[in-house]
1. Does region 44-66 contain at least one residue that is under 22 Å from residue 210 (Cβ atoms) and hydrophobic (A, V, I, L, M, F, W, C)?
2. If I ask for residues that are hydroxyl-bearing (Ser, Thr, Tyr), buried (at least 24 other Cβ atoms within 10 Å of the Cβ) and not in a helix (DSSP H, G or I), which ones from region 183-207 would you list?
3. Among all residue pairs at least 6 apart or on different chains, which show Cβ distances below 7 Å where the first residue, located in region 110-121, is touching a residue at least 12 places away in the same chain (Cβ under 8 Å) and the second is of a type in the set (Phe, Trp, Tyr) and assigned to a helix (DSSP H, G or I)?
4. Answer yes or no: is there a residue in region 219-237 that is among the polar types (S, T, N, Q), touching a Pro at 6+ places or on another chain (Cβ under 7 Å) and at pLDDT 90 or above.
5. Which one of 212, 224, 236 is among the hydroxyl-bearing types (Ser, Thr, Tyr), free of Cβ contacts under 8 Å to residues at least 60 places away in the same chain and more than 30 Å from residue 52 (Cβ to Cβ)?
6. Of all residues in region 213-241, how many are over 24 Å from residue 28 (Cβ atoms) and hydroxyl-bearing (Ser, Thr, Tyr)?
7. Among the residues in region 157-171, are any within 21 Å of the chain's Cα centre (by Cα), in a helix (DSSP H, G or I), within 25 Å of residue 112 (Cβ to Cβ) and not small (Gly, Ala, Ser)?
Amino acid sequence: MTPSLSGAAPWALVALTLVPATARAFTFESSFSRGCHESITFAAVSRAGWPRSVRPAPLGTDAVNALSRDLPFTLPDGARDLWSITLLLGARENDLHGASPRDLTRLFEVHTDPAFQDEHCLRRPQDDGPEGNLSALAACRAFILREVDLALGDGDQPDLEATEPHAVSLAFSGERDVSLPRYAWHMGRALHALQDSFAHTLRSPDGRRVRSVLNFTDQARDPSFEPSRDGYGHISALDECADHDSADAQRTRFAGEASEVPSGALVDDTMALSGRRARARGGIDEAHVRAGLHRGQRVVRRARREGRPVGLLDRPGRTGRAGAAWALLGAAAAWARRVARRSRRWPSRRRLCRAQTRRRRRGPTRGRWA
């Protein structure tokens with residue numbers, strides 16, 4: 001028999017929906033999340049422009065028009081051209097890898113795959129200890145530079161018309177192989193990872209110094225996940241880019257400013273291609289400043305050196321929406337137990353009340369009422 005929903009059960013279901021199944025970094029647009037990556041990426045490239053000061057041609061061919069109507073996200077104002085569409089598809093690719101936003105099982109596999117952690121500036125399984133901050137950032141930096149090189153190509157000038165086939169998930173057509181502009185696709189991929197370096201790290205208040213790189217693959221896959229060794233767990237609250245929250249707005253602004261630097265470097269027609277690469281690399285390095293050792297990790301290491309047990313408050317990584325969700329689940333379970341205990345007592349109380357009512361109607365009798 002299927003149990004009915006009563007008492008605390010609806011709240012338990014609500015709590016389960018708050019437990020993050022995937023690590024999205026800044027969120028991509030879906031039925032459940034707003035398009036943080038899309039808005040940050042498009043705004044940065046719009047301000048920087050395209051190479052050779054070329055303006056993208058508006059939608060023209062039937063195939064491009066059909067693609068624009070089949071997108072699983074809303075195009076920003078001014079993005080109705082193939083270059084901008086490809087830029088946003090590339091920015092979403094790090095999170096989707098051709099999967100549908102509704103295919104949660106496949107997305108979980110994509111997001112927890114150790115081979116894809118550098119695309120999100122997250123720790124890999126081998127990035128342990130304080131040194132793991134540096135190796136994780138180095139892997140993320142290498143991925144961004146590799147995507148920048150793929151965007152520029154081998155010529156003296158970026159070829160904005162060169163295309164590549166890529167698998168994308170569309171709203172009505174499903175998964176399809178589509179020929180898309182190379183420069184825009186790889187720039188979207190590179191800027192996504194650069195933005196994730198602000199959503200998947202703990203930084204100094206000015207946003208310039210990385211204190212710790214977060215970990216999702218070990219947190220999701222490894223039962224022996226230990227924050228003092230593997231780094232802090234993924235914090236869902238850092239994925240938000242809501243304008244009404246000052247911390248989210250500041251983090252979004254840092255990511256947007258960082259995204260403008262390589263975008264602006266690659267469109268500077270006064271420099272040769274090698275100079276553009278060097279300037280873009282400098283901007284990326286500015287965002288990936290040397291990682292420091294977070295205070296929480298120092299507390300754990302000091303406690304172990306002194307032979308003291310590491311308490312729960314000394315072990316970070318249990319913050320954010322997931323921690324609140326598990327707390328809500330615990331409260332719901334306690335409430336359900338209390339309701340069950342009370343329901344077992346209610347029948348005897350009702351029988352007592354009915355017996356007392358019947359005796360009052362018959363009038364006073366000798367002895368005590370039952």
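The values are calculated or read from the model by the stated rules, or taken from the named source; none is laboratory data. This structure is a prediction, so every number in the text was calculated from the model and none was measured. We place every Cβ from the backbone using ideal geometry, glycine too, and count neighbours over all the protein chains shown.
1. Just the residues of region 44-66 that are under 22 Å from residue 210 (Cβ atoms), to begin with: 44.
Retained after the next criterion (residues that are hydrophobic (A, V, I, L, M, F, W, C)): 44.
Yes, because at least one residue in region 44-66 is under 22 Å from residue 210 (Cβ atoms) and hydrophobic (A, V, I, L, M, F, W, C).
2. Of region 183-207, the ones hydroxyl-bearing (Ser, Thr, Tyr) are 183, 197, 201, 204.
Within this subset, residues satisfying the condition of being buried (at least 24 other Cβ atoms within 10 Å of the Cβ) are 183, 197, 201.
Within region 183-207, 201 is the sole residue that qualifies.
3. Within 7 Å, the pairs are 110/116; 118/143; 119/143.
4. Initially, region 219-237 is screened for residues among the polar types (S, T, N, Q), giving 219, 224, 228, 236.
When the remaining residues are screened for being touching a Pro at 6+ places or on another chain (Cβ under 7 Å), the result is 236.
Among the residues that remain, those that are also at pLDDT 90 or above are: none.
No, region 219-237 contains no residue that is among the polar types (S, T, N, Q), touching a Pro at 6+ places or on another chain (Cβ under 7 Å) and at pLDDT 90 or above.
5. Working: 212 fails: free of Cβ contacts under 8 Å to residues at least 60 places away in the same chain; 236 fails: free of Cβ contacts under 8 Å to residues at least 60 places away in the same chain.
Answer to the check: 224.
6. 2
7. No, the conditions are met nowhere in region 157-171.
Yes or no, residue by residue, for (1) over 22 Å from the mean Cα position of the chain (by Cα); (2) closer than 30 Å to residue 271 by Cα; (3) modelled with pLDDT of 90 or more; (4) not aromatic (Phe, Trp, Tyr):
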site	(1), (2), (3), (4)
40	no, yes, yes, yes
43	no, yes, yes, yes
50	yes, yes, yes, no
61	yes, no, no, yes
85	no, yes, yes, yes
88	no, yes, yes, yes
